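Q: There's a structure below that I have some questions on.
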Amino acid sequence: LAKTTQPISMDSYEGQEVNITCSHNNIATNDYITWYQQFPSQGPRFIIQGYKTKVTNEVASLFIPADRKSSTLSLPRFSLSDTAVYYCLVGSNNAGNMLTFGGGTRLMVKP
Amino acid sequence: EAGVAQSPRYKIIEKRQSVAFWCNPISGHATLYWYQQILGQGPKLLIQFQNNGVVDDSQLPKDRFSAERLKGVDSTLKIQPAKLEDSAVYLCASSLDPQGWYEQYFGPGTRLTVT
């Protein structure tokens with residue numbers, strides 16, 4: 001299972017675009033990149049998933065360069081309600097490849 | 001649609017006591033997961049069921065933890081006896097696809113405090 005590295009914490013002003021980068025140097029050919037969001041006292045929530053290039057939905061965008069060794073989750077306009085922990089996961093549906101969460105990135109409002 | 005239901009939401013017990021948690025997944029989801037989330041860490045998978053069969057329980061401390069999903073729908077996770085280090089949030093999740101790589105739906109969790 002590809003290991004991921006992401007910043008422990010980040011902060012941003014409200015209204016600004018926030019980008020969280022995740023490194024996954026050992027990503028395998030069949031692996032997808034998935035991001036989850038977790039608010040305090042709640043379970044994680046699926047945000048977005050991609051394989052290559054760019055994926056966009058109503059919540060966020062996911063940018064994946066050609067070598068796929070990293071990915072960037074982009075929140076277009078950060079608000080207080082986006083304060084949460086964001087987890088980057090890499091893997092696939094191959095048998096035995098279980099979903100493994102790292103420590104995540106704690107995203108907070110800049111005072 | 002209704003989400004993943006868990007109960008109780010909070011539980012406080014003394015060490016060496018027993019405790020059980022209940023989970024009802026989203027209707028039609030064949031795959032069910034139990035995670036343990038210690039404060040400040042990401043969730044750790046304890047066990048995964050496909051219908052009523054165990055797919056992976058490699059990280060389940062089997063000397064004290066047990067889980068079952070008898071009818072392929074709801075599930076219980078039990079700890080007997082509890083230790084101080086079992087204090088954590090226990091999350092249940094379900095998914096349509098067998099490996100959960102497309103999307104897992106999580107419940108609100110049960111916060112366990114062992115004193």
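The values are calculated or read from the model by the stated rules, or taken from the named source; none is laboratory data. Not measured: the values here are computed from a predicted model. Counting neighbours? That spans all protein chains shown, and the Cβs are built from the backbone with ideal geometry, glycine included.
Q: If the requirement is being over 25 Å from A:Val85 (Cβ atoms) and within 11 Å of chain A (Cβ to nearest Cβ), which of these qualifies: B:Val55, B:Val73?
A: Matching residue, one of B:Val55, B:Val73: B:Val55.
Q: For region B:12-41, enumerate the residues that are surrounded by fewer than 17 Cβ atoms within 10 Å (Cβ to Cβ) and either touching a Leu at 6+ places or on another chain (Cβ under 6 Å) or free of Cβ contacts under 8 Å to residues at least 60 places away in the same chain (or both).
A: Passing the criteria: B:Lys15, B:Ala20, B:Trp22, B:Ser27, B:Ile38, B:Leu39, B:Gly40, B:Gln41.
Q: Okay, next question. Test A:Ser79 against the criterion of being surrounded by fewer than 19 Cβ atoms within 10 Å (Cβ to Cβ), small (Gly, Ala, Ser), touching a residue at least 60 places away in the same chain (Cβ under 8 Å) and at negative phi, and give yes or no.
A: On the way: surrounded by fewer than 19 Cβ atoms within 10 Å (Cβ to Cβ): yes; small (Gly, Ala, Ser): yes; touching a residue at least 60 places away in the same chain (Cβ under 8 Å): yes; at negative phi: yes.
Considered against the rule, which asks whether it is surrounded by fewer than 19 Cβ atoms within 10 Å (Cβ to Cβ), small (Gly, Ala, Ser), touching a residue at least 60 places away in the same chain (Cβ under 8 Å) and at negative phi, A:Ser79 comes out as yes.
Q: Condition check: buried (at least 20 other Cβ atoms within 10 Å of the Cβ), more than 19 Å from B:Ala20 (Cβ to Cβ), in contact with a strand residue (DSSP E or B) (Cβ under 9 Å, 6 or more places away or on another chain) and among the small types (Gly, Ala, Ser). Does B:Ser95 satisfy that? Break it down stepwise before answering.
A: Details: buried (at least 20 other Cβ atoms within 10 Å of the Cβ): yes; more than 19 Å from B:Ala20 (Cβ to Cβ): yes; in contact with a strand residue (DSSP E or B) (Cβ under 9 Å, 6 or more places away or on another chain): yes; among the small types (Gly, Ala, Ser): yes.
The answer is yes for B:Ser95.
Q: Evaluate region A:69-90: report whether one residue or more is of a type in the set (Ser, Thr, Tyr) and within 11 Å of another protein chain (Cβ to nearest Cβ). So that I can check it myself, show each step before the final result.
A: Within region A:69-90, the first condition is being of a type in the set (Ser, Thr, Tyr), and the residues that meet it are A:70-72, A:74, A:79, A:81, A:83, A:86-87.
Still in the list and also within 11 Å of another protein chain (Cβ to nearest Cβ): A:86-87.
Yes - at least one qualifying residue is present in region A:69-90.
Q: Let me ask another. Just checking, does region B:89-108 include any residue being at pLDDT 95 or above, within 19 Å of A:Gly43 (Cβ to Cβ) and away from chain A (no Cβ under 11 Å)?
A: Within region B:89-108, not a single residue is at pLDDT 95 or above, within 19 Å of A:Gly43 (Cβ to Cβ) and away from chain A (no Cβ under 11 Å).
Q: Which one is nearest to the other protein chains (Cβ to nearest Cβ), of the residues in region B:27-52 that are among the hydrophobic types (A, V, I, L, M, F, W, C) and within 14 Å of the chain's Cα centre (by Cα)? Explain how you work it out, then say what you get.
A: Of all residues in region B:27-52, those among the hydrophobic types (A, V, I, L, M, F, W, C) come to B:30, B:32, B:34, B:38-39, B:45-47, B:49.
Checking which are within 14 Å of the chain's Cα centre (by Cα) leaves us with B:32, B:34, B:38, B:45-47, B:49.
Numbers: B:Leu32: 13, B:Trp34: 12, B:Ile38: 11, B:Leu45: 6, B:Leu46: 11, B:Ile47: 10, B:Phe49: 13 Å.
Checking each candidate, the answer is B:Leu45.
Q: Among the numbered conditions (1) in contact with a Leu (Cβ under 9 Å, 6 or more places away or on another chain); (2) within 11 Å of another protein chain (Cβ to nearest Cβ); (3) over 18 Å from A:Tyr87 (Cα atoms), tell me where B:Arg111 comes up short.
A: Status for B:Arg111: all satisfied but (1).
Q: Then there's this: Of the residues in region A:28-59, how many are aliphatic (A, V, I, L, M) and either without any contact (Cβ under 8 Å) to a residue 12 or more places away in the chain or closer than 23 Å to B:Gln41 by Cβ (or both)?
A: Residues that pass the stated criteria total 4.
Q: Could you tell me which of the residues A:Thr105, A:Thr100 is within 14 Å of chain B (Cβ to nearest Cβ) and under 22 Å from B:Val4 (Cβ atoms)?
A: Going through A:Thr105, A:Thr100 in turn, the sole match is A:Thr100.
Q: Assuming A:Gly102 fulfils every condition listed in (1) on the phi < 0 side of the Ramachandran plot; (2) at pLDDT 90 or above; (3) under 15 Å from the mean Cα position of the chain (by Cα) apart from one, which condition is it?
A: Tallying (1) on the phi < 0 side of the Ramachandran plot; (2) at pLDDT 90 or above; (3) under 15 Å from the mean Cα position of the chain (by Cα), A:Gly102 fails exactly one: (2).
Q: Something else: Return yes or no: is B:Val54 free of Cβ contacts under 8 Å to residues at least 24 places away in the same chain, closer than 26 Å to A:Tyr32 by Cα and of a type in the set (A, V, I, L, M)? Lay out the reasoning, then the answer.
A: On the way: free of Cβ contacts under 8 Å to residues at least 24 places away in the same chain: yes; closer than 26 Å to A:Tyr32 by Cα: yes; of a type in the set (A, V, I, L, M): yes.
For B:Val54, the condition - free of Cβ contacts under 8 Å to residues at least 24 places away in the same chain, closer than 26 Å to A:Tyr32 by Cα and of a type in the set (A, V, I, L, M) - is met.
Q: Assess whether B:Thr115 counts as being hydroxyl-bearing (Ser, Thr, Tyr) and over 27 Å from A:Gln37 (Cα atoms).
A: Answer is yes for this residue.
Q: Which of the residues spanning region B:1-11 are surrounded by 15 or more Cβ atoms within 10 Å (Cβ to Cβ) and touching a Gly at 6+ places or on another chain (Cβ under 7 Å)?
A: B:Val4, B:Gln6
Q: Which residues, taken from region B:70-88, are at pLDDT 95 or above and of a type in the set (Lys, Arg)?
A: Of everything in region B:70-88, those that are at pLDDT 95 or above and of a type in the set (Lys, Arg) turn out to be B:Lys78, B:Lys83.
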